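Structure first, then comments.
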Amino acid sequence: MSVTVAMAGDTMLGRGVAEQIDRGAGVRSLFSADVRALLAGADFVLLNLECCISDRGHPWGGPGKVFHFRAPPRAADLLSELGVGCVTLANNHALDFGYDALADTFDHLARAGIRFVGAGQDESAARRPAELAVDGLRLGVVGFADHPADFAATAGRPGTAYADLDAGMPGWLPATIAGLREHVDVVLVTPHWGPNMITEPLPSVRTAARTLVEAGADLVAGHSAHVFHGVAPRVMFDLGDFIDDYARHPYLRNDLGLLWLVTLDRSGPVRLAGVPIRLDYCRTRIASGDDRRWVRERLAAACARFGCAVQEDEDALAVECAAAGLDVL
């Protein structure tokens, strides 16, 4: 028995995207028909929600905070219409409009039938994994972020599941994975780690990835850089972006990415395939021509660093990792 999980990276429904939603834009305006078909064909959809969902709150005034992303309440219904079953809120935008807006995010997602991980009313809730039944497969999801520290939930304050990876792997993460393994078939960890706009994972991220796999994670799928990174055995370092209103970087090409279709069974991931996508202003579509070639070549080069090869597989790019161990990390 196997299932296919569609996985997308940073999904930013605030600012310009929020304006489109407020004007009545629906999923057909924001995502092309072929993107929607890929999501509909998957058994489950998981992504990083790079904003809060609320019509309340004020911009967070923490140190170095420049961008604030907030989506209107209807965004939760749009995610549900896309087939999204779970999101991670562990990122540097969950508290962009404060605690009230974060509480609204919990409520709007719950109302739409969407599970979430990586944030909560207190530290215990933020760190709590989700246990999901996907066509007979028991899937466990853990979310955390390595920044910013001032978003961290505490015993008496809402926020995100925070892990300072520069200080080493906190004990609660391996313990959470170990506890989850007793109840599920597959453990998926989705971290928001590392800085923006870098082309490969930092040494601290590579070390953390190895520790997470050794602790029992079947697959680690990260995000934060806004550009996709390479794949190592059981590790997808960065999924890139899925929708936004960002300016295009001429070299890093944050407007080109991948929608991943991951086939899982009780042994873990059995197939990793990414479909190249193009992010226009507030709209995502399948990449073609030179855009698709750019994604394929960049992914192949990035994966080769970890001993993994990229092959054409119908409309997707399949990643095959021959290395059995984690020494490549």
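The values are calculated or read from the model by the stated rules, or taken from the named source; none is laboratory data. Just so we're clear, the structure is a prediction, and the values are computed from it rather than from any experiment. Cβ atoms come from the backbone with ideal geometry, glycine included; neighbour counts cover every protein chain shown. Heads up: the accessible areas ignore ligands, DNA and RNA and are worked out on the full protein's heavy atoms, side chains in. Shrake-Rupley method; radii C 1.70, N 1.55, O 1.52, S 1.80 Å.
So PHE151 clears everything in (1) within 21 Å of THR207 (Cβ to Cβ); (2) surrounded by 19 or more Cβ atoms within 10 Å (Cβ to Cβ) except one condition, right? Which one?
The one condition PHE151 does not meet is (1).
Residues THR160, THR154: which one is touching a Gly at 6+ places or on another chain (Cβ under 8 Å) and either free of Cβ contacts under 8 Å to residues at least 24 places away in the same chain or over 17 Å from ALA209 (Cα atoms) (or both)?
Matching residue, one of THR160, THR154: THR160.
How many residues does region 135-154 contain that are assigned to a strand (DSSP E or B), among the aliphatic types (A, V, I, L, M) and either closer than 16 Å to LEU165 by Cβ or at pLDDT below 95 (or both)?
3
Report whether or not PRO201 is in a loop (DSSP other than H, G, I, E, B) and crowded, with 24+ Cβ neighbours inside 10 Å.
So PRO201 fits the description; yes.
Filter region 244-274 down to the residues that are part of a strand (DSSP E or B) and open to solvent by 10 Å² or more (accessible area, probe 1.4 Å), then identify the one that is farthest from ARG296 (Cα to Cα). Walk me through it before giving the result.
Filtering region 244-274 for residues part of a strand (DSSP E or B) gives 256-265, 268-274.
Those still in the list that are open to solvent by 10 Å² or more (accessible area, probe 1.4 Å) too: 261, 263, 265, 269-272.
Details: LEU261: 15, THR263: 20, ASP265: 26, PRO269: 21, VAL270: 20, ARG271: 17, LEU272: 14 Å.
Here the residue is ASP265.
Output the number of the condition that GLY136 fails; it satisfies all remaining conditions of (1) in contact (Cβ under 8 Å) with a residue 60 or more places away in the chain; (2) closer than 19 Å to HIS223 by Cα; (3) open to solvent by 10 Å² or more (accessible area, probe 1.4 Å); (4) not acidic (Asp, Glu).
Unmet condition: (2).
Out of all the residues in region 158-172, is one or more hydroxyl-bearing (Ser, Thr, Tyr), assigned to a strand (DSSP E or B) and open to solvent by 50 Å² or more (accessible area, probe 1.4 Å)?
The answer is yes; a qualifying residue exists.
Can you name the strands (runs of 3 or more DSSP E) wholly within region 1-96 that have at least 3 residues being crowded, with 24+ Cβ neighbours inside 10 Å?
The strands (runs of 3 or more DSSP E) meeting that bar are 3-11, 44-49.
Only residues that are assigned to a helix (DSSP H, G or I) and either polar (S, T, N, Q) or open to solvent by less than 30 Å² (accessible area, probe 1.4 Å) (or both): list them for region 292-329, please.
Within region 292-329, VAL295, LEU299, ALA302, CYS303 qualify.
Which of the residues belonging to region 285-329 are closer than 19 Å to LEU252 by Cα and in contact with a Ser or Thr (Cβ under 8 Å, 6 or more places away or on another chain)?
Once the filter is applied, which keeps residues that are closer than 19 Å to LEU252 by Cα and in contact with a Ser or Thr (Cβ under 8 Å, 6 or more places away or on another chain), region 285-329 yields ARG285, ILE286, ALA302.
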